[in-house]
Structures are given as structure tokens and as C-alpha cells.
Amino acid sequence: MRFHTADLCDDHEDELQVAAPIFRDYGGLDRFFGPISTVKAHEDNSLVREAVAEPGGGRVLVIDGGGSLRRAMLGDLLAEKAATNGWAGVVIHGCLRDSEAIGQLKLGVKAMGTLPLKTAKRGEGQRDIPVRFADVTFTPGHWLYADPDGVIVCAEKLL
């Protein structure tokens, strides 16, 4: 479905949260939306692996990596698993790696940057809790819309 976050902001400004412009596009899809699911973990992507192994059902995985620029929370293998399992996209408050391969996938991916170092695998973190970064609270079940202009969140489905 074709949409523009700018148009959604024009039509629903009072209902939306608009993320600060800290993300870059890395996925093969530059426009994606869906209900939010979250992972909160610092430099450990064990729960990201668990999440993308589940059926995505068109959801968007929001990863709060604490804004760390020291470890990549997503790589090509996990991104491919997300695409295969029906996730609409991934938004990362942190870094990813394997950006060229991720750019070939039918998956929307936004992150703060790239870094080749993988994370530890300690099984630490939390799933499906509200997380806050980029001036937005990302609440599981709320709707995220992303395109080249930015990321917006609304409690209700807009499209």
C-alpha cells in the first residue's frame, strides 16, 4: 500500500508521535507499516533472533538497543529470517551490519548506522514492553508507519 508519512501527519497530526530524524533506510523496502512488537536489549540480540523466528504477521519489530554504536543488533541472517517470516520491517535504536545484503531483502529496515561487530548472546533483554527513544514511545500493538521522510506512531491503524 502506498502512503506518505507527510500526508498522514497532515491528516492526523493530533493523533501521532513523530520520531526525531535519527534513522537511515537500509532495507529493500523504503516504505512499511504495521503493529509494533518490541525488543529491549543492550548489545545482545538473542531476543531479536527469537522474535524474527516467529511469524511476523505484518508487524514491525522495534529494537531498543539503547542507541549503542558499539555492536550491531541486526545482520543479514536475522533480517532474512524476518522477511521470510512475514515481518513488515525493523526499526533499530542502534546499528546493523551486512547492509548491502539487507538492502536486497523485501523488508523495511531503519537504523542509526552500520557497524560490522556482532553482539554477545547472553539471552538478556525484554520483549513487548513500551520503549522510548527518538522522542517517541513505541508501545506494542500501536501502529508504526515509515517512509523516506521518517517514522510516525499512532495508537490506531490509519490505513
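Please treat every number below as a calculation from the coordinates, not as lab data. Note that the structure is a prediction, hence the values are computed from the model and not measured. Cβ atoms come from the backbone with ideal geometry, glycine included; neighbour counts cover every protein chain shown.
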**OP:** Provide the per-residue ³J(HN,Hα) series for segment 35-44, in order, calculated from phi with Karplus coefficients 6.51, -1.76, 1.60 and θ = phi - 60°, each as a whole number of Hz, with x at glycine and proline positions.
**Re:** x, 8, 10, 10, 10, 10, 7, 9, 6, 8
Original post:
Residue-wise, which Karplus ³J(HN,Hα) couplings in Hz belong to segment 129-135, taking 6.51 cos²θ - 1.76 cosθ + 1.60, θ = phi - 60°, and x for glycine or proline?
Top reply: 10, x, 10, 10, 6, 6, 6
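Counting Lys and Arg as +1 and Asp and Glu as -1, what is the net charge of the other residues whose Cβ lies under 9 Å from the Cβ of residue 49?
Values: positive: 81, 121; negative: 50.
Value of the local net charge: +1.
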**OP:** Report the dimensions of the chain along its three principal axes from the alpha-carbon atoms, largest first, rounded to Å.
**Re:** 43, 29, 27
**OP:** Among the lysines, select those whose C-alpha is under 27 Å from the C-alpha of residue 118, and discard any that sit fewer than 8 residues away in the same chain.
**Re:** 40, 81, 106, 110
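Work through the residues other than residue 32 whose Cβ is under 15 Å from its Cβ and net out their charges, Lys, Arg +1 and Asp, Glu -1.
+3
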**OP:** Could you order peptides 38-49, 22-33, 7-18 by the average number of other Cβ atoms within 10 Å of their residues, highest first?
**Re:** 38-49, 22-33, 7-18
Original post:
Mind checking the log10 I(q)/I(0) for segment 71-159 at q = 0.12, 0.16, 0.25 Å⁻¹? Debye, one equal scatterer per Cα, no solvent, two decimals.
Top reply: -0.40, -0.72, -1.49
Original post:
Sequence-distant or interchain residues sharing an amide H contact under 5 Å with residue 149, placed H: which?
Top reply: 5
**OP:** Would you please put 98-105, 139-146 in order of how densely packed they are, using the mean number of other Cβ atoms within 10 angstrom per residue and starting with the highest?
**Re:** 139-146, 98-105
